[in-house]
Amino acid sequence: MASRGYEKALTMLRTLPRVGIYNIAANPGHVKKSKRGRAQHGGDKHGAGNKGSLARQNYMRMGYETGNNPYYLRFPAEPYYVGHHLRRQYPPLSLAKLQLMIDTDCLDTSKPIDLVQICNTGYYEIKPQSKHYGVQLTDEGLDNFKAKINIEVQWTTEPVIAAIEKNGGTITTAFYDPHSLFALTNVKKFLESGEPIPKRMIPPEDAIEYYTNPKNRGYLADPEKISYERLVLAQKYGYTLPKIEEDPDYKMLTERKDPRQIFFGLEPGWIVNLVDRIILKPTDPELKEYYRT
Amino acid sequence: MLRSLVNSCLRVGVSSRALQDNVVSHGYNFFKPQLARCFSTVLLQNPNGFGNEASSLRNINMLDNSLRLPVLAPLLLQQQSRTVTKFSLGRGKRQTVKSVPARFYRLDWGIWIRRIAGAHKKLWKKSMKRRMRLERHVLVNSTRSYMFDKMVSKYWRTPKHWVDDPYAPYHKREDYFCTRKEPRPLPAGVTFPLEK
């Protein structure tokens, strides 16, 4: 069979190098000037207009008012941003959005929900490098919240706790240091790095009070006091507290992490090998002592 | 610093002998005012006077012992600048004008707020009503807000999710249909009939 022209062209194309910005030449006749000409050498205004600071391109600096007391210096200083470089940020996640995630099967309510699950939905993002310290569960849409969940967040308020416990769920507030947050927000990247799972550090001085308070359902609070506060909150908001002891999901609802633990089911110090699908555990007594809770 | 000063002295024609004469004649205590005066007068006395190598070195040592920075400060200190830096020396990045976040606060919808001028001044002679007005924080207009956005770096323009933020109710404008960003939430008890 005689080869046709287009077939020849295609075979030629296959052997030719790939066309890219690095190997294409300019169109024939296209000349790019290396200099901006002046006067008779092609000089004109070059888009900068005629006379004045626009043509000379010596614009006044931003905020300068030609000798006036500038507006940006005219008012008294106010400590709006004092300590901004130290303040912890908790990007908000509303109960309405959480309910939507559950309704659209982005979150599995048969397992405990923590920062890993929430980040894996792809609808919530935190940046530990921007001093984001985790989820702040807000009360927007709390009247329509219907799910029964075991959730772990980093910051929340009293009405949110009431809304979740009213539906028979449980909530914990837990602190993660930035190192653990990098691991939690991108689990795959962290496990592929081959580093041992870090142990969770204790909260900073100004956050200890929040995370040891049973009213906030802090992870360092006494569980006895938390169950008491659950009852107190039910009476305050006027709902009957569902008995989670008789719930078929009792085991799931009461599952908690160790204060030094980051991932559910994995302990600090372990290395997860994704390629060989094995877990390496430390055997050195010194390492064991370090990762011990 | 001192070496550069000495160099500049030599450039304007301060002879080493003139400096030494001053030290000898007036003593240590009178050295500073005399030297300060010399910058203007010695030039006239010795228009071509350059010290030789050895004596100028001796002068450096002498200056080290006797001179202090405050005498040189007006000469050497650069004038302070509060302008916007478009390209920093280190990484070539745009810099923030620090006076802006020191005086103004950015709400998430893009407007900046500020205190009223004179809010802390002469409160004893202002009426109660006026003092209450001065406590308020007011909005900066849109043109100025746009200008401040350009005077600060991206860090100040990104929303800050601080907890217990007193400005939290003002970061969103969900009250009016034309300023609303998100769809109006459903009333309590109402759901989409998708489940049926």
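Every read-out reported here was derived from the displayed coordinates using simple, explicitly stated rules and does not represent laboratory data. Worth saying up front: this structure is predicted, and the values here are computed from it rather than measured. Cβ atoms come from the backbone with ideal geometry, glycine included; neighbour counts cover every protein chain shown.
Quick rundown of the values:
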{"quantity": "Antiparallel bridge percentage (DSSP; both residues within chain A; nearest 5)", "calculated": "20 percent"}
{"quantity": "Neighbouring partner chain Cβ atoms per residue of A:216-228, average, 10 Å criterion", "calculated": "0"}
{"quantity": "For the range A:19-29, 3J(HN,Hα) per residue [Karplus equation, 6.51 cos²θ - 1.76 cosθ + 1.60, θ = phi - 60°, Hz, x = Gly/Pro]", "calculated": "7, x, 5, 7, 10, 8, 9, 5, 4, x, x"}
{"quantity": "Nearest-ten-degree value, helix A:223-237 long axis tilted from longest Cα axis of chain A", "calculated": "80 degrees"}
{"quantity": "A:A174 long-range amide H proximity, modeled H, under 5 Å", "calculated": "A:V153, A:Q154"}
{"quantity": "From phi via Karplus (6.51, -1.76, 1.60), per-residue ³J(HN,Hα) for the range A:83-98 in Hz, x at Gly/Pro", "calculated": "x, 4, 6, 10, 6, 7, 10, 10, x, x, 9, 7, 5, 4, 5, 4"}
{"quantity": "Residues with amide H under 5 Å from that of A:S94, placed H, sequence gap 5 or more", "calculated": "A:T138"}
{"quantity": "Peptide B:158-166 - average C-beta neighbours from other chains (10 Å radius)", "calculated": "6"}
{"quantity": "At most 16 other Cβ within 10 Å, DSSP loop - trypsin sites (Lys or Arg not before Pro), the range A:207-249", "calculated": "A:K243"}
{"quantity": "Unit charges on C-beta of K, R, D, E only; dipole of the range A:86-265, Debye", "calculated": "280 debye"}
{"quantity": "Total lysine pairs under 16 Å (Cα atoms) in the range B:83-170, excluding pairs fewer than 8 apart on one chain", "calculated": "8"}
{"quantity": "Residues whose placed amide H lies under 5 Å from that of A:I113, excluding near-sequence neighbours", "calculated": "A:N150, A:I151, A:E152"}
{"quantity": "Charge dipole (chain A, unit charges on Cβ, about Cα centre) - positive-most of A:H132, A:T293, A:P259", "calculated": "A:H132"}
{"quantity": "Per-pair calculated FRET efficiency, R0 = 56 Å: A:L16 and A:R74 via Cβ, rounded to 0.05", "calculated": "0.25"}
{"quantity": "Least to most buried among A:Y123, A:Y219 (fewest other Cβ within 10 Å first)", "calculated": "A:Y123, A:Y219"}
{"quantity": "In range of the label at B:A117: residues from the range B:141-166 whose backbone nitrogen is under 18 Å from the point 7 Å along Cα→Cβ", "calculated": "B:141-145, B:148"}
{"quantity": "Potential lengthening between A:K33 and A:L241 on full extension [0.36 nm per residue; Cα-Cα distance subtracted]", "calculated": "66.9 nm"}
{"quantity": "Approximate spin-label separation B:A188-A:D44, in nm, with each point projected 7 Å along Cα-to-Cβ", "calculated": "7.0 nm"}
{"quantity": "In Hz, Karplus ³J(HN,Hα) per residue of the range A:127-140 (6.51, -1.76, 1.60; θ = phi - 60°; x = Gly, Pro)", "calculated": "10, x, 5, 9, 6, 7, 10, x, 7, 10, 7, 9, 8, 5"}
{"quantity": "Qualifying chymotrypsin sites (Phe, Trp or Tyr not before Pro) in the range A:1-79, DSSP loop, other Cβ atoms within 10 Å at most 16", "calculated": "A:Y22, A:Y59, A:Y64"}
{"quantity": "Exposure proxy ranking, count of Cβ atoms within 10 Å, fewest first, for B:S145, B:S127", "calculated": "B:S127, B:S145"}
{"quantity": "Order of A:I226, A:I278 under a 10 Å beta carbon neighbour criterion, fewest first", "calculated": "A:I278, A:I226"}
{"quantity": "Under 9 Å, Cβ to Cβ, from A:K148 - net charge with Lys/Arg +1 and Asp/Glu -1", "calculated": "-1"}
